[in-house]
Amino acid sequence: MAGTLVVGGGVVGKASALSLQRAGESVTLVDPRGAPRPASYGNAGHIATEQVAPLASPAVLASAFRRLFALGGALDFRLSDIGAFGPWAARFVAASTPDGAARGRTALGGLLRDALPGWRRLAKTLGRPDLLIEQGHLVVWESAASARAGRAAWEAADIGQARLAPLAEPIKARLEQLVRPAIAGGLAFQNTGQISDPALMLRLLDEAFEAAGGQRRVGQVRRLSNVDGHVVAELSDGQRLAPERVLVTGGVGSGALMRDLGHVAPVIAERGYHLEGGADHWGDLPPVVFEDRSLILTRFGARLRAASFVEFGREDAPPDPRKWARLRRHLSELGVRLEGPVAEWMGARPTLPDYLPAIGVSRRVNNLYYAFGHQHLGLTLAATTGELVAALVGGGPPAVDLAPFDLARFERRPKTRSDA
């Protein structure tokens with residue numbers, strides 16, 4: 001099989017396939033197109049240039065207990081899936097050191113620097129610059145104490161290319177007309193953005209890819225094998241493909257595929273939930289984060305999406321209906337109504353223990369590339385990741401140092417005193 005086989009149907013896979021096809025590669029995208037829809041469809045649509053600090057950090061580790069779902073927070077672990085998240089959690093704790101967090105912040109900062117310009121370029125080439133909305137976003141608090149603490153934390157944080165401004169009184173007044181609680185304080189983030197419609201975004205990427213000559217086939221890659229130093233892909237229907245190159249962008253499923261080839265790829269399903277319904281009353285506010293509730297509300301056209309939760313477990317475990325019930329309670333307490341039929345969604349973010357993506361070239365086989373594990377930043381980093389992958393496959397220098405994202409980092413044995 002000539003050309004490049006791209007494994008994965010999320011936004012990172014679709015953006016990478018399009019970039020490769022436009023760079024002159026002959027690309028076939030294997031897209032599962034099954035349920036549930038990918039995390040890039042169900043997330044908050046937020047281009048999160050402010051999220052420079054990785055969640056693998058001492059501060060997040062110290063705050064984990066009070067964030068637990070049982071205590072009213074957004075963090076949850078499925079005890080029945082401890083075999084999946086237990087080893088991952090041990091790696092997460094090991095990565096959550098001051099030095100590890102500092103290295104992660106530098107690495108993510110380099111990627112995020114081009115995230116918004118990358119989306120501008122991609123939206124323009126799709127012929128839909130309106131796909132990207134650059135109104136920033138709002139973070140608000142419902143108590144004076146949480147407002148003081150939250151504002152201080154954000155003002156001390158590294159937020160990269162984003163900028164902070166006080167929440168303007170007219171915006172605060174508009175928001176208080178829409179929600180029941182008084183807003184005790186808030187911040188307006190600038191130089192962040194949102195996608196106007198995630199479902200439309202995925203469709204436009206597919207259409208542009210096919211218009212550029214790319215081939216998209218519905219299916220599932222069940223296994224990757226090393227045959228004489230090259231990757232052979234086995235599909236769920238039994239067909240075997242031996243392409244010139246393989247790019248793994250398969251979200252959570254990437255871990256198993258990479259392990260088939262001897263890589264250490266400890267990716268976990270970090271699951272999120274949303275409710276979405278009609279919201280003609282909501283107005284044209286940018287995304288609003290109610291930080292006391294770990295809840296974000298984003299308007300997509302005539303619909304409003306309420307998204308939350310960080311639930312660790314198996315990707316294929318059944319949804320937890322308590323999460324949707326909690327979302328409904330939050331909306332009720334806020335006085336926010338979703339009109340008409342209300343859709344429920346659950347999907348899995350692919351997350352590595354240090355909260356950095358894996359982007360690079362395999363040293364175990366001669367024709368394998370990978371780009372997965374983008375955690376909460378898959379949508380944010382999709383456009384720039386596609387450009388980086390195209391540079392890698394084309395043999396040119398990527399615009400960002402990709403050494404921190406090499407999967408080999410998980411194969412390194414931690415130093416002990418005996419090594420000194």
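When the stretch 312-337 is limited to residues that are within 23 Å of the chain's Cα centre (by Cα) and hydrophobic (A, V, I, L, M, F, W, C), the one that is nearest to Leu178 (Cα to Cα) turns out to be Leu327. Scanning the stretch 182-210 for residues that are within 14 Å of Gly42 (Cα to Cα) and not charged (D, E, K, R), we see that the one that is surrounded by the fewest Cβ atoms within 10 Å (Cβ to Cβ) is Ala199. If I filter the stretch 46-54 for residues that are in a helix (DSSP H, G or I), under 18 Å from the mean Cα position of the chain (by Cα) and surrounded by fewer than 22 Cβ atoms within 10 Å (Cβ to Cβ), do I get at least one hit? Among the residues of the stretch 46-54, not one is in a helix (DSSP H, G or I), under 18 Å from the mean Cα position of the chain (by Cα) and surrounded by fewer than 22 Cβ atoms within 10 Å (Cβ to Cβ), which makes the answer no. Residue pairs whose Cβ atoms lie under 7 Å apart, separated by 6 or more positions or on different chains, with the first residue in the stretch 91-116 and closer than 16 Å to Val60 by Cα and the second surrounded by fewer than 17 Cβ atoms within 10 Å (Cβ to Cβ) and of a type in the set (Asp, Glu), are Arg105/Asp158.
Looking only at residues in the stretch 166-182 that are touching a strand residue (DSSP E or B) at 6+ places or on another chain (Cβ under 8 Å), of a type in the set (A, V, I, L, M, F, W, C) and part of a helix (DSSP H, G or I), the one that is farthest from Ala115 (Cα to Cα) is Leu175.
Does Thr4 fit the bill of being touching a helix residue (DSSP H, G or I) at 6+ places or on another chain (Cβ under 7 Å), surrounded by 18 or more Cβ atoms within 10 Å (Cβ to Cβ) and more than 30 Å from Asn191 (Cβ to Cβ)? For Thr4, the condition - touching a helix residue (DSSP H, G or I) at 6+ places or on another chain (Cβ under 7 Å), surrounded by 18 or more Cβ atoms within 10 Å (Cβ to Cβ) and more than 30 Å from Asn191 (Cβ to Cβ) - is met. Listed by position, the helices (runs of 4 or more DSSP H) enclosed by the stretch 61-165 that each have at least 2 residues that are in contact with a Pro (Cβ under 6 Å, 6 or more places away or on another chain) are 82-95, 98-112. Here Ala212 passes the criteria (1) of a type in the set (A, V, I, L, M); (2) modelled with pLDDT under 95; (3) touching a helix residue (DSSP H, G or I) at 6+ places or on another chain (Cβ under 7 Å) except the one numbered (2). Does the stretch 285-298 contain any residue that is of a type in the set (A, V, I, L, M, F, W, C), more than 15 Å from Leu29 (Cα to Cα) and part of a loop (DSSP other than H, G, I, E, B)? Within the stretch 285-298, one or more residues are of a type in the set (A, V, I, L, M, F, W, C), more than 15 Å from Leu29 (Cα to Cα) and part of a loop (DSSP other than H, G, I, E, B). For the stretch 307-319, does any single residue satisfy the condition of being free of Cβ contacts under 8 Å to residues at least 24 places away in the same chain and over 20 Å from Gly8 (Cα atoms)? Looking through the stretch 307-319, at least one residue is free of Cβ contacts under 8 Å to residues at least 24 places away in the same chain and over 20 Å from Gly8 (Cα atoms).
Cβ-Cβ distances below 6 Å connect the following pairs, each with a first residue in the stretch 57-84 that is in contact (Cβ under 8 Å) with a residue 24 or more places away in the chain, a second residue that is acidic (Asp, Glu) and surrounded by 13 or more Cβ atoms within 10 Å (Cβ to Cβ), and a separation of six or more residues or different chains: Phe69/Asp76; Asp76/Glu311. Please count how many residues of the stretch 255-281 are surrounded by fewer than 19 Cβ atoms within 10 Å (Cβ to Cβ), part of a helix (DSSP H, G or I) and of a type outside the set (Gly, Ala, Ser). Total meeting the criteria: 4.
Within the stretch 15-40, the set of residues being part of a helix (DSSP H, G or I) and touching a strand residue (DSSP E or B) at 6+ places or on another chain (Cβ under 7 Å) comprises Ser16, Ala17, Leu20, Gln21, Ala39. Within the stretch 372-386, does at least one residue satisfy the condition of being touching a residue at least 24 places away in the same chain (Cβ under 8 Å), at positive phi, out of contact with any helix residue (DSSP H, G or I) (no Cβ under 6 Å at 6 or more places or on another chain) and not hydroxyl-bearing (Ser, Thr, Tyr)? Yes - at least one qualifying residue is present in the stretch 372-386.
The values are calculated or read from the model by the stated rules, or taken from the named source; none is laboratory data. It should be emphasised that the depicted structure is a prediction, and the values quoted were computed from it without experimental measurement. Note: ideal-geometry Cβ built from the backbone for every residue, glycine included; neighbour counts use all protein chains shown.
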